[in-house]
Amino acid sequence: MISKRLLDFAPLLAAIVFGSWAAFVNREYGSDIAIRSGLGQAAYALFSTWIVSTTAERVFSMAGRRGRGALLSFFTAFIVMISIPLTIHYALATPEILNAILPGAIWGSGYIGSYLWVLSRSAR
């Protein structure tokens, strides 16, 4: 089982990893854009765990704790997860938006699925 101490550092780790990735994929556009893109992605990654978890949990409790409710929760949380970094990177004029957010979208999808699986098991 994952320790509470490790989970406390997950948002900071996500900010470092995904912020660094966004800066890396935008490095060819200059340091100003790379830093701006990296910081924008890092800020989102820091808060995304809380935002996405809260969204998934609220929709899950309102829509039903099985089948369709879990699917609706997943898709709603996924849309929230994707719309925030898209908005941030659009506002920052990030050239490589898809490449900047793709790793977070992949890992985030796994996180949402795992989170809902834990919720559904605890609801039984």
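The values are calculated or read from the model by the stated rules, or taken from the named source; none is laboratory data. From a predicted model like this one, the values you see are computed outputs, not experimental measurements. Please note: Cβ atoms are built from the backbone with ideal geometry, for glycine as well, and neighbour counts cover all protein chains shown. Please note that ligands, DNA and RNA were not included when accessible areas were found on the heavy atoms of the full protein model with its side chains. Shrake-Rupley method; radii C 1.70, N 1.55, O 1.52, S 1.80 Å.
Some values worked out for this structure:
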| quantity | calculated |
| --- | --- |
| Residue count for region 58-85, restricted to those that are under 16 Å from Ser120 (Cα atoms) and hydrophobic (A, V, I, L, M, F, W, C) | 10 |
| Options Trp107, Trp50; residue that is in a helix (DSSP H, G or I) and over 29 Å from Tyr29 (Cα atoms) | Trp50 |
| Some residue of region 16-34 being modelled with pLDDT under 90 and either surrounded by 11 or more Cβ atoms within 10 Å (Cβ to Cβ) or among the hydrophobic types (A, V, I, L, M, F, W, C) (or both) | yes |
| Long-range neighbours under 6 Å by Cβ, at least six apart or interchain, first residue within 13 Å of Ala93 (Cβ to Cβ) within region 22-37, second open to solvent by 90 Å² or more (accessible area, probe 1.4 Å) | Ala34/Arg27 |
| Residue match in region 53-65 (condition: more than 17 Å from Ala14 (Cα to Cα), of a type in the set (S, T, N, Q), within 13 Å of the chain's Cα centre (by Cα) and open to solvent by less than 80 Å² (accessible area, probe 1.4 Å)) | yes |
| Leading residue by the ranking (modelled with the lowest pLDDT) among those in region 35-49 that are open to solvent by 40 Å² or more (accessible area, probe 1.4 Å) and closer than 14 Å to Gly108 by Cα | Thr49 |
| Single match in Thr94, Thr76, Thr87 (criterion: more than 16 Å from Val118 (Cβ to Cβ), open to solvent by 50 Å² or more (accessible area, probe 1.4 Å) and not small (Gly, Ala, Ser)) | Thr87 |
